[in-house]
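Chemist: Sharing a structure, written as structure tokens. Questions coming.
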Amino acid sequence: MSGPLLAWVGDDFTGASDTLATLATGGARALLFLDVPTAARLAAVGPLEAVGVATAVRSMAPAAMREVLAPIADWLAGSGVPVVHYKVCSTWDSAPGTGNIGEAVRTLWRPAYAPWVPLVGGQPSLGRWCAHGQLFAQAGAGGPVYRIDRHPTMSRHPVTPMGEARLAVHLAAQGCAPVARVDLAAFAGGARAIDAVLAGALEPTDPSVSEDRSESAAVDTRTGDRALATPRPVLFDTLSAAHLAATGAAIARHAHGRTVLAVGASSVAQAMLARWRASGELAATVEPSVARAAVAPARGPVFVLAGSLSPLSARQVAQARAYERVALDAARLAAGDAGYLEATARAIGARLAQGAHVLAGTSIAGPAPRGADPALAPACGALLAAVLGQARCARVGVVGGDTSSRAVQALAPWALGWVGRVGASSPVVRAHADDPAVDGLELMLKGGQMGEDDVLDRLVSGDAHR
């Protein structure tokens, strides 16, 4: 691979497609692959400024994460790409045993890379802010803002609840030790103050390196070693687009000709886009039609599969009016009831074949279950593949991060290209696949905490009114 300015690795498919949207609307030619792309694939798609690989490691144990990420890391190490972005959820929900961010850093980083790892704490465009090392998140579009450990959904996430708002402490439990923080005072002091923090990050014997030292003396989960590991992560507070621009500039200043591994939400891509525009590596302005790219009305039946258990997703499902509804029995799906899956797929396919829009969800019949069965997401993926074997759809919406990852894997496209956004934060992508039933299919991959209340109806009617 030669030419790209950035390569990103998504920890799930919704996040990976959000970064695809961020880069595309920012004027970068970008494509998201489902596996390490071959040289032939890259040659066929033409020059790219950004290339991504989507994974489902957010829902995996550390050993499974290493198995998935190791070949991607080998490919990236040979690519020469200047910035590698490990894309995590903007709420940073993860745990030592599930979606361990420290494990991802240890697997993706190479000794030839820059010896520090920037952690971009917030994404203001999504209502995520990091101040004084603590993460805050909005509850739904335009909703109230909570410290993440008091967020009504994320503090109760069924798999990776966020019980700690201090990201240094949260990540230390995963063997990732931020030994320095670029805080609001450093941003106020400009490039010189930021550079002083970054210089101190590489001098761990200096007691003035960081006020967070006592919080971030991590235990490596594989070795039990309490020594600070290399590389040395640096957490960047993030309250504004100006902070992101300064972060991108700092990453470029301190790369020193090496690849930089950066961790964060799509705000990492936003930071680098700002840097590339300032340096002239990308056009300073983006055509309005590209930046907006409102999604047109669907030209055929739309199928929505809602596997998320979040209150926001439940509200979106409840307010959707354009669909016939099918209540899914989550317990039977998760239990691997093949007869139930096949009968459900046939019933949904029959209605789609007659031109109806169909919404199938795990919480339609009543309140969502309190916990999450790890078998549910792959079962939902198998259901989607079975439905598309019954009827051709113009567009598919998948609600839920883990559900989206498993659903796309079940369809097996080789890449996803950008189409546009439904609302402010729900990207629509187009599948590139060898299977003609999947090739060209438009997919909205929506995280459980993303999107406006009417986002599912907009998937049918289009978003040209924005």
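Chemist: Helix-only mean residue ellipticity at 222 nm, the chain, DSSP H runs n ≥ 4 weighted -39,500 (n - 2.57), per residue, nearest 500. What is it?
Modeler: Values: 16 runs with 161 residues, N = 466.
Roughly -10000 deg cm²/dmol at 222 nm, from the helical runs in the chain.
Chemist: For the pair Thr230 and Ala39, how long in nm is the line joining their label points, each one 7 Å along Cα→Cβ?
Modeler: 3.2
Chemist: How would you order 248-254, 379-385, 63-69 from highest to lowest mean count of nearby Cβ atoms within 10 Å?
Modeler: On the way: 248-254: 20.4, 379-385: 23.9, 63-69: 17.0.
So the peptides 248-254, 379-385, 63-69, ranked by packing, come out 379-385, 248-254, 63-69.
Chemist: Follow-up question, since we're still on this one. Could you give the dipole magnitude of segment 59-195 about its Cα centre, charging the beta-carbon of Lys and Arg +1 and that of Asp and Glu -1, in debye to the nearest 20?
Modeler: Details: 11 positive and 8 negative charges, 39 e Å.
About 180 debye.
Chemist: Let me ask you something else. Taking 0.36 nm per intervening residue step and subtracting the Cα-Cα distance, what contour gain separates Glu342 from Ala375 on full extension? Walk me through the intermediate numbers first.
Modeler: Working: separation 33, 0.36 × 33 = 11.88 nm, distance 1.68 nm.
My answer for the length gained is 10.2 nm.
Chemist: I want the antiparallel fraction of DSSP beta bridges within segment 295-461, as a percent rounded to 5.
Modeler: Working: 10 of 28 bridges.
Of those bridges, close to 35 percent are antiparallel.
Chemist: What size of dipole, in debye to the nearest 20, comes out for the chain about its Cα centre when the only charges are +1 on Lys and Arg C-beta atoms and -1 on Asp and Glu C-beta atoms?
Modeler: The dipole magnitude comes to about 520 debye.
Chemist: To the nearest 10 degrees, how steep is helix 241-253 against the longest Cα principal axis of the chain, on a 0 to 90 scale?
Modeler: 60
Chemist: In nm, give the distance between the simple-model label positions of Ala318 and Ser279, each being 7 Å from the Cα along the Cα-to-Cβ direction.
Modeler: 4.9
Chemist: Right, here's the next one. Rounded to a whole number, what is D in µm²/s for segment 66-194 from Stokes-Einstein with the Kirkwood radius over alpha-carbon pairs (37 °C, 0.692 mPa s)? Please list the in-between numbers first.
Modeler: On the way: Rh = 16.0 Å.
The calculation lands on 205 µm²/s.
Chemist: Contour minus end-to-end for Asp439 and Ala350, with contour as 0.36 nm per residue of separation and end-to-end as the Cα-Cα distance?
Modeler: On the way: separation 89, 0.36 × 89 = 32.04 nm, distance 2.12 nm.
Length difference between fully extended and current span is 29.9 nm.
Chemist: At R0 = 45 Å, how high is the FRET efficiency between Ala185 and Arg332 if r is their beta carbon distance? Nearest 0.05 is fine. Intermediate values should be presented prior to the final figure.
Modeler: Working: r = 55 Å, r/R0 = 1.23.
The pair Ala185/Arg332 has a calculated efficiency of 0.25.
Chemist: Would you please put 40-51, 404-415 in order of how densely packed they are, using the mean number of other Cβ atoms within 10 angstrom per residue and starting with the highest? Don't jump to the answer; show the numbers that get you there.
Modeler: Values: 40-51: 15.6, 404-415: 22.8.
The packing order, highest mean first, is 404-415, 40-51.
Chemist: In whole Å, what three semi-axes, largest first, describe the equivalent ellipsoid of segment 295-461 built from its Cα gyration tensor (square root of 5 times each eigenvalue)? Present the calculation step by step, with values, prior to reporting the outcome.
Modeler: On the way: eigenvalues 85, 69, 47 Å².
They are 21, 19, 15 Å, listed largest first.
Chemist: Here's a follow-up. In whole Å, what are the extents of segment 419-466 along the principal axes defined by its C-alpha atoms, from largest to smallest?
Modeler: Largest first, segment 419-466 extends 34, 23, 14 Å along its Cα principal axes.
Chemist: What's the extension gain from Arg192 to Ala294 if we count 0.36 nm per residue and subtract their Cα-Cα distance? Before the final figure, lay out each step's value.
Modeler: Values: separation 102, 0.36 × 102 = 36.72 nm, distance 4.09 nm.
Here the answer is 32.6 nm.
Chemist: Computed over the Cα atoms of the chain, what is the convex hull's projected area averaged over all directions, in nm²?
Modeler: On the way: hull surface 81.1 nm².
Average projection, Cα convex hull of the chain: 20.3 nm².
Just so you know, all these numbers are worked out from the coordinates, no wet-lab data involved. In this text, all values refer to a predicted model and were calculated from it rather than measured experimentally. Neighbour counts are summed over all protein chains in view; Cβ atoms, including those assigned to glycine, are modelled from backbone coordinates with ideal geometry.
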